[in-house]
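Report on the structure given below.
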Amino acid sequence: MPITTAANQMFEGITGVYGICLSLTAAVSAFVGPMIAQYVPFDIVTIALTLASGLAYVISSLPSPLSNTGGNKTGPVIGTMLAGFVYAFGTQNYLAVAAFFPAEAVVALSVGSGLSIILGSGIFIALMEGAFEQDWRRCFLVFLPTTLGIPLVWWGLFDKQRRLAAELCRKQSLQKRRDTSSSSELETGGTGDEQQRTVISSTVLDDNGLPRNLRPGFGPNRTRTGLLFKTLLPNYVLPLIICTTCAILSLFGLAPILQDLERFKGAPKGDSEFQLVFFAYGSAQFLFSTLVIWKPIPNIWLWTGAEIVFTTMAIVQLWHPFLTYFGVWFVIMFMIGGCVGGSVTNTNYKIAADFQQAGEPDEVRSFANSYAGLGNFGGDALGGALGLVFQMAIAKHLSPTTT
């Protein structure tokens, strides 16, 4: 989140480049990650995410005499791509582990993600305005110790029994794929020892009394790719992609353009306008995520429709400035962030609840959960690309007109 808040300074005039670097990496990680993650222990994933987080800050901060004048962007590009990897690969792995918790666990993960926007951007803005006088590189180095929170939470706060159950399921699923010579065992669920371990895992983890393992897991008649393209993509991922695309276009494409065009009365000077807009966006994403705790709204297309309306208002503002004051624009961006926050959290919750209520086995539920973030990250990539198109093409034909 600090790297995202600094996007307009890291890539001055071409903020959409940040969106592409982060989101394209995240989208690729989210798409291929669940297929690869089954070969990597969750503990190793946690170590890799911690190292990549630290490297993202350090590499982005490497000194370059041309970086502040539109020249060499190698450090920021590589650092942003590492951040995108951490963002997506971490989310999909921990969503997979959430399958071994009650369905509400994915809501907690989404709320935590939203809270990170408030904490990350809020602390970054305070440091930039105070002690570090707009030096974003020095601010990044201050955030380095926060990367230790990843292993501390994983080994210190996660329920150990559920962590071990997730790892056991990963190993069993991998063994089923590798052991092609034991087709009879695969059809009956494995050896007696394996069946016993599966029953123990299900009995321990079934907090809500919901039936599990009533349907077959993955095998010749039910593949991961089939589940992805026939069920997950059309029913869950597509509406979230559209919603997130609109949100990222607004944040990293339209907001910087409107700042450069000086479209609002009472807007703060310099890059503070973008930072405050991002803070509004992130705050709303967090608040709307928490609403799912009390009242889930699983109609994902409803969130997408609202997001399209707000984004359309922002696009019209480029040519016909009808949002006169910055305070109104602040509210619009707040609602844009709220819609994407509600969409992401409700999508995650709907996947977890639907597959749990259907009595799907652990390996299927874990795989489905891990793809919950694909719509988010895929939309990030598309929105970042569109944002760059708006900045590089459309903005050139518009002139500043303070309203």
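The values are calculated or read from the model by the stated rules, or taken from the named source; none is laboratory data. Since the model is a prediction, treat every value here as computed from it, not as a measurement. A quick note on method: Cβ atoms are made from the backbone with ideal geometry, for glycine too, and the neighbour counts reach across all protein chains shown. When the accessible area is computed, the model is the full protein with side chains, heavy atoms only, and any ligands, DNA or RNA have been set aside. Shrake-Rupley method; radii C 1.70, N 1.55, O 1.52, S 1.80 Å.
The set of residues from the range 386-403 being open to solvent by 40 Å² or more (accessible area, probe 1.4 Å) and modelled with pLDDT of 80 or more comprises Leu386, Val389.
Comparison of Val364, Val340 shows that the only residue that is among the aliphatic types (A, V, I, L, M), at pLDDT 85 or above, open to solvent by less than 10 Å² (accessible area, probe 1.4 Å) and closer than 24 Å to Leu276 by Cβ is Val340.
Within the range 292-338, being under 19 Å from Phe377 (Cα atoms) and either aliphatic (A, V, I, L, M) or touching a Ser or Thr at 6+ places or on another chain (Cβ under 8 Å) (or both) holds for Ile300, Trp303, Thr304, Glu307, Ile308, Thr311, Ile336, Gly337.
In the range 88-129, of all residues being over 19 Å from Ile3 (Cβ atoms) and either without any contact (Cβ under 8 Å) to a residue 12 or more places away in the chain or of a type in the set (Ser, Thr, Tyr) (or both), the one that is surrounded by the fewest Cβ atoms within 10 Å (Cβ to Cβ) corresponds to Ala108.
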